[in-house]
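One structure below.
The values are calculated or read from the model by the stated rules, or taken from the named source; none is laboratory data. This is a predicted model, so every value here is computed, not measured. Cβ atoms come from the backbone with ideal geometry, glycine included; neighbour counts cover every protein chain shown.
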Amino acid sequence: MILRELSEAFGVSGKEDDVRAVVLDAVREYVDEVKVDTMGSVLAFKRGTGQQRMRVMLDAHMDEVGLMVVGYDNDGFLWIRAVGGIDPRLLPGTLLQVGPERIPGVIGVKPIHLLKKEEGEKVPKLEDLVVDIGTKSKDEAKKLAPLGTYATFATEFRELGPTVSGKAFDDRAGCAVLVELLRGERFRFDLHAAFTVQEEVGLRGARVAAYGIEPDCAFALEGTIADDIPKDKDVSPTTELGKGPAITVMDRSFIADRRLVRLLTGTAKELGIPHQIKQPGIGGTDAGAIHLTREGVPSVTVAVPCRYIHSPVALLSLDDFNNTVRLMRESLSRLTRRTLERGRD
Amino acid sequence: MRELIRKLVETYGPSGAEEQIRAVIRAEVEPLADELRVDPLGSLIVHKQGGDEGKRIVLAAHMDEIGVMVTYVDEKGFARFTRIGGVNPLTCVGARVAFADGTVGVIGIEEKRDDTSKAPKFEQLYIDTGATSRDECPVHVGDAATFVRPFVAQGTRLIAKALDDRIGCAVLIETLRRLERTPHDVYFVFSVQEEVGLRGARTSAYGIEPDLAIAVDVTRTGDTPECAPMAVALGKGPAVKVQDRGMIAHPAVRDLLVQRAKEANIPYQLEVLERGTTDAAAMQLVRAGVPSGCLSIPCRYIHSPSEMVDEGDVRNSVQLLLEVLRTA
């Protein structure tokens, strides 16, 4: 399963080399051209059958949230800062892999035996946490993990029956969907796939990728928040596991093109593919950068619901994953220039 | 202009769903255009051709308005919502909203709140369409609605929802109607998605590559009881923007507006706005940069369902734009 390789690859924003290598290997033989742009995004081109003169961009970001080494104390512990949105509540006691050599590390935590009551009630600040890689001096630590070294969670991919768990499903789930789409038959239009960098720190890779591609429309593929855990009030789950791909109508970064939303929901209804509308107003994706490129790009985001994203381990349903691939493939096969014609409104 | 303004403010058009308002504006401007197109994000661009000696000028007013979007429908058929643009929860309570198909909902507020003296949070508000169950509810997650309020003209004041910025649209349409000859290539841009981040103006300006851009939008005033100080008042003429939170007006554009107002004896005010910004802020930074400014129509109660402008300010705005376009 390509999702396993992608999930286990190392790829904190700005250091996506490992994921890039997995992506290049996975898509090379299925596309007509592939290159790496100046920021480091993988741009793969798959020619269409020539029936629709159209450039369609499919985007998924390769980078994941993580940590960066920013200093040392005299006993050889590493100081860290977050890269992207990391919740410090989740960090104490987690297992890390530090740097390209994947040096094992642990985020230090005081044993419960020694914990004072007040300490136990507070969430530690990131500035107060240290990573223990077993070194005993500042010099030794510096040598193994020079300043600026990245770290990510050391989480293995696991299959749990109908669901799978692993790290970085945001957005390796989207990358895996995109790989599956590239491996299939040609579409009628020219397909420009962008596996982008630095989404988690500000949609940076997608912005320049879209500028270069100049697409007629764009689809961002994501792994998004599922918060279908029990609540004390009848209010919205952002998305729910098992209810199919989540289509974004509006989030903090953009408002989806209604014609593309209709294409997706119409296709889903026609074929009986389960789908859901993501709770509007939450989060942001590469579509936020893509839709404002040049003269504007009609865009939409389609996501695989994932529980516990931005944490050491997330969980997704393989049914949702497969339905996302199917919904995208079927919708894209129905996408024509007419889909984007405005007519007389 | 009153009938035009009534039609514009009473038409549905939240950010991202401008189809209906675009069709209304299109019907008004199409006979007057040398060329007309809708760009990829949905902004309506009307081109009025000029001579060779003039500039390529953009006049932009946004056609979208603030609104709400359904985020969830509960078991009993009540819809929870989020805002589209800068909606104030205080003006939501008791308000009516209408969806694209005309369905009307009433905004209710949870009575069990920790502190009822505080402004409610959006999580404490809901839309009641009269439905009694989720299945029966006529509105769905992702559906957008705008506030409902009829247009009123009383004395010289005009009162309506969405004067921000349908009054700017009205000024543009009237200017286009009365524009006889101009040395400039003028692009009247009715932009989308201003209220959620100046998005349509940015992409349409990229496409047009103007030499000069002027946004026409509303601005706040400092003439109501116990309000924040601001040297702009209703009825004292259009306001020439000096700066706001997103932009410092290009001095040449600011001076051009001031000079033409003086020459034609049109009353005007200078404006420094401490909250908010306009499409001009986005247009200014497109490509290699565009000298940009803003002509503002003073407006009370912005982003409430009852905004108020002065009809004289509106007419003088049209007059001033005509003066700007008349000569090189």
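Quick one: which residue in B:Arg260, B:Arg287, B:Arg275 is more than 22 Å from the chain's Cα centre (by Cα), under 25 Å from B:Arg199 (Cβ atoms) and of a type outside the set (Asp, Glu)?
On inspection, the qualifying residue turns out to be B:Arg287.
Quick one: is A:Pro111 surrounded by 12 or more Cβ atoms within 10 Å (Cβ to Cβ), at negative phi and not acidic (Asp, Glu)?
So A:Pro111 does not fit the description; no.
Among A:Thr293, A:Thr238, which is the only one that is at pLDDT below 95, under 25 Å from A:Ala206 (Cα atoms) and over 16 Å from the mean Cα position of the chain (by Cα)?
Exactly one residue qualifies, and that residue is A:Thr238.
Being within 14 Å of another protein chain (Cβ to nearest Cβ) and of a type in the set (A, V, I, L, M, F, W, C), is that true of even one residue in the range B:154-177?
Within the range B:154-177 (the criterion being within 14 Å of another protein chain (Cβ to nearest Cβ) and of a type in the set (A, V, I, L, M, F, W, C)), the answer is no, since none of the residues qualifies.
For the range A:190-207, check the following and say yes or no: at least one residue is within 24 Å of A:Arg259 (Cα to Cα) and assigned to a loop (DSSP other than H, G, I, E, B).
yes
Return the only residue of A:Arg342, A:Arg329, A:Arg334 being without any contact (Cβ under 8 Å) to a residue 40 or more places away in the chain and either surrounded by fewer than 16 Cβ atoms within 10 Å (Cβ to Cβ) or touching a Phe, Trp or Tyr at 6+ places or on another chain (Cβ under 9 Å) (or both).
After ruling out the rest, the residue left standing is A:Arg342.
Please indicate, with yes or no, whether at least one residue in the range A:87-102 is outside any loop (DSSP other than H, G, I, E, B) and over 25 Å from A:Met62 (Cα atoms).
no
Go through the range B:178-197 and give me each residue that's of a type outside the set (D, E, K, R), buried (at least 24 other Cβ atoms within 10 Å of the Cβ) and within 14 Å of chain A (Cβ to nearest Cβ).
B:Val189, B:Phe190, B:Ser191, B:Val192, B:Gln193, listed by residue number.
Considering only residues that are more than 8 Å from every other protein chain (Cβ to nearest Cβ) and either at pLDDT below 95 or not in a loop (DSSP other than H, G, I, E, B) (or both), which ones fall in the range B:65-91?
Within the range B:65-91, B:Glu65, B:Gly67, B:Val68, B:Val73, B:Ala79, B:Phe81, B:Pro89, B:Leu90, B:Thr91 meet the criteria.
Please go through the range B:137-153 and pick out each residue that is within 26 Å of A:Thr248 (Cα to Cα), assigned to a loop (DSSP other than H, G, I, E, B) and either in contact with a helix residue (DSSP H, G or I) (Cβ under 9 Å, 6 or more places away or on another chain) or of a type in the set (Lys, Arg) (or both).
Matches in the range B:137-153: B:Gly142 only.
Just to verify a result, which residue in the range B:7-28, among those that are more than 8 Å from every other protein chain (Cβ to nearest Cβ) and buried (at least 24 other Cβ atoms within 10 Å of the Cβ), is nearest to B:Val68 (Cα to Cα)?
B:Pro14
Select from the range A:226-271 the residues that are away from every other protein chain (no Cβ under 13 Å) and among the aliphatic types (A, V, I, L, M) and list them in ascending order.
A:Ala226, A:Ile229, A:Leu241, A:Leu263, A:Ala268, A:Leu271
Which condition number does A:Pro274 fail, the rest of (1) of a type outside the set (Lys, Arg); (2) closer than 28 Å to A:Val235 by Cβ; (3) facing chain B (nearest Cβ under 8 Å); (4) not in a helix (DSSP H, G or I) being met?
(3)
Restricting attention to the range A:303-345, report how many residues are farther than 29 Å from A:Val83 by Cβ and part of a strand (DSSP E or B).
0
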